[in-house]
Amino acid sequence: MTALLVLERSKLSDLVPATPYRALPAESRINLRPGERLTTADLLRGLLVYSANDAAATLATHVAGSTPAFVRLMNRRARELRLTGTHYANPVGLDDPGNYSTARDLVTLTERLWRYRFFRRTVKHETVTLKSGDRSRKLTNRNTLIGRFDWVNGVKTGHTQQAGWVLVGAGRRKGVQLFSAVLGAPTSAARDADTLNLLREGYTHYKRVTAVERGDVQPVAVPIRWRRGAVLKLMAGRTVSRVLRDPRGNPFTTRPLKVPHAVEGPIRRGEPLGLLEVRAGGRRVAVVPLVAANTVPRAGLAQQTKDWFTHPAAIVLAAAAVLAGVLLARRGTKVHRRRRRPREEPETA
């Protein structure tokens, strides 16, 4: 929560003077000198990778002005995120009757933090180097699963006498990002083993299923004006996939929306021409653009004329005109002949 509030309320480039902090012998710290100035980014690295309590205290004062004010912000943010099993008494996580959380709340909080690129990049590193401050500091990640397993990409360890060994874990395989939470483990080895077991079990249930891929031609064809019999195929403008629990086959269906009855060039490949609705379980999952799969040049006058004269209606009209002309011509010939016929003279005795 300390990291979340800092990311939401501060700039990574801020230079922050270290707050005086009297740590107990067992506390994790990076031995900041009071007044030493480090960037917010480096203080967060110390907090996330090395669990540095002096970095946490410094960041709390930087964001809220004092530790009590920061704790009030922590509890307000917990309520906003509906972390109903969570309450904070300090920004460093030391044992206190008012300092507690649940596995579910910790994962919910982690999902929120995962939106921040800086957070994702920091917690997956085996080592980090703090370059600001009085001296350079190289820190090794206390999450020892990082580096041992290439698919493990986070997140944060913790340990106190009352909480036991704690780890919010994270892993990514085949496009599936999973989080886990282990609380109260008796040893760090048991904590790591439980984390791996949870994540591996999760991957037997959760799979990424693709509903539609960018560039896939859809069963939609739009007639092209001035090009007799020609149609323009449409393709998906972006990929839609979802992580599903125990999927059976592909549960997605698609339906085209707002597709024109006909199109006319010029049309460039990739030009949006409609929408594709993706549904699963009776609910709309996504709407993606339908785009032209090919380029359609502008139809010139010759093409338009050719198309017009090959149109069935035009052929019928032309045939009707020719037939009418023939009939009129025949009728005119008869009339002309009738007028030129010589008048017969009456017979005489």
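The values are calculated or read from the model by the stated rules, or taken from the named source; none is laboratory data. If you're wondering where the values come from, they're calculated on a predicted model, not measured in any experiment. Neighbour counts are summed over all protein chains in view; Cβ atoms, including those assigned to glycine, are modelled from backbone coordinates with ideal geometry. In case anyone asks, the SASA skips ligands and DNA or RNA and just uses the protein heavy atoms, side chains included. Shrake-Rupley method; radii C 1.70, N 1.55, O 1.52, S 1.80 Å.
Quick one: how many residues across the range 60-93 are in contact with a strand residue (DSSP E or B) (Cβ under 9 Å, 6 or more places away or on another chain) and under 11 Å from Tyr21 (Cβ atoms)?
1
Residues that are in contact with a Pro (Cβ under 7 Å, 6 or more places away or on another chain) and farther than 14 Å from Leu4 by Cβ: does the range 134-154 have at least one? So that I can check it myself, show each step before the final result.
Looking only at the range 134-154, we keep the residues that are in contact with a Pro (Cβ under 7 Å, 6 or more places away or on another chain), and these are none.
Within the range 134-154, none of the residues are in contact with a Pro (Cβ under 7 Å, 6 or more places away or on another chain) and farther than 14 Å from Leu4 by Cβ.
Within the set of pairs 6+ apart or on separate chains, which have a first residue in the range 137-149 that is within 24 Å of Asn31 (Cα to Cα), a second that is aromatic (Phe, Trp, Tyr), and C-beta atoms under 8 Å apart?
Leu139/Tyr50; Thr140/Tyr50; Asn141/Tyr50; Arg142/Tyr50
Kindly check whether there is at least one residue in the range 294-311 that is over 23 Å from Ala211 (Cβ atoms), modelled with pLDDT of 90 or more and surrounded by 14 or more Cβ atoms within 10 Å (Cβ to Cβ).
Keep residues of the range 294-311 that are over 23 Å from Ala211 (Cβ atoms), which gives 294-311.
Next cut, modelled with pLDDT of 90 or more only: 294-297.
Then drop every residue that is not surrounded by 14 or more Cβ atoms within 10 Å (Cβ to Cβ), which leaves 294, 296.
Yes, there is a match, as at least one residue in the range 294-311 is over 23 Å from Ala211 (Cβ atoms), modelled with pLDDT of 90 or more and surrounded by 14 or more Cβ atoms within 10 Å (Cβ to Cβ).
So Arg284 ticks every box in (1) among the charged types (D, E, K, R); (2) surrounded by 12 or more Cβ atoms within 10 Å (Cβ to Cβ); (3) without any contact (Cβ under 8 Å) to a residue 24 or more places away in the chain but one. Which box is left unticked?
(2)
Would you point out the residue of the range 173-189, among those that are open to solvent by less than 30 Å² (accessible area, probe 1.4 Å) and at pLDDT 95 or above, that is farthest from Ala103 (Cα to Cα)?
So the first thing to find is which residues in the range 173-189 are open to solvent by less than 30 Å² (accessible area, probe 1.4 Å), and the list is 175-176, 178, 180-182, 185.
Applying the additional criterion that residues be at pLDDT 95 or above yields 176, 178, 180-182, 185.
Values: Val176: 20, Leu178: 14, Ser180: 8, Ala181: 5, Val182: 7, Ala185: 13 Å.
This residue is Val176.
I'm trying to understand the selection: among the residues of the range 195-224, which are under 15 Å from Val176 (Cα atoms) and open to solvent by 70 Å² or more (accessible area, probe 1.4 Å)?
Within the range 195-224, Leu198, Arg200, Glu201, Thr204, Tyr206, Lys207, Arg208 qualify.
Give me the residue from the range 1-42 that is open to solvent by 70 Å² or more (accessible area, probe 1.4 Å), modelled with pLDDT under 95 and aliphatic (A, V, I, L, M) and, out of that set, nearest to Val155 (Cα to Cα).
Filtering the range 1-42 for residues that are open to solvent by 70 Å² or more (accessible area, probe 1.4 Å), modelled with pLDDT under 95 and aliphatic (A, V, I, L, M), the one nearest to Val155 (Cα to Cα) comes out as Ala26.
Taking the residues in the range 43-59 that are open to solvent by less than 10 Å² (accessible area, probe 1.4 Å) and within 30 Å of the chain's Cα centre (by Cα) as candidates, determine which candidate is farthest from Lys11 (Cα to Cα).
Per the criteria, the residue is Val49.
Pairs needed: first member in the range 40-55, more than 9 Å from Val128 (Cβ to Cβ); second member anywhere, assigned to a helix (DSSP H, G or I) and among the aromatic types (Phe, Trp, Tyr); C-beta distance under 9 Å; at least 6 residues apart or different chains.
Pairs found: Ala41/Phe118; Leu44/Phe118; Leu44/Phe119.
Which condition number does Thr129 fail, the rest of (1) surrounded by 13 or more Cβ atoms within 10 Å (Cβ to Cβ); (2) touching a Ser or Thr at 6+ places or on another chain (Cβ under 8 Å); (3) assigned to a strand (DSSP E or B); (4) not acidic (Asp, Glu) being met?
For Thr129, the failing item is (1).
Quick check on my filter: what residues within the range 98-115 are open to solvent by 50 Å² or more (accessible area, probe 1.4 Å) and more than 17 Å from Met74 (Cβ to Cβ)?
Arg104, Glu111, Arg115 - these are the residues of the range 98-115 that are open to solvent by 50 Å² or more (accessible area, probe 1.4 Å) and more than 17 Å from Met74 (Cβ to Cβ).
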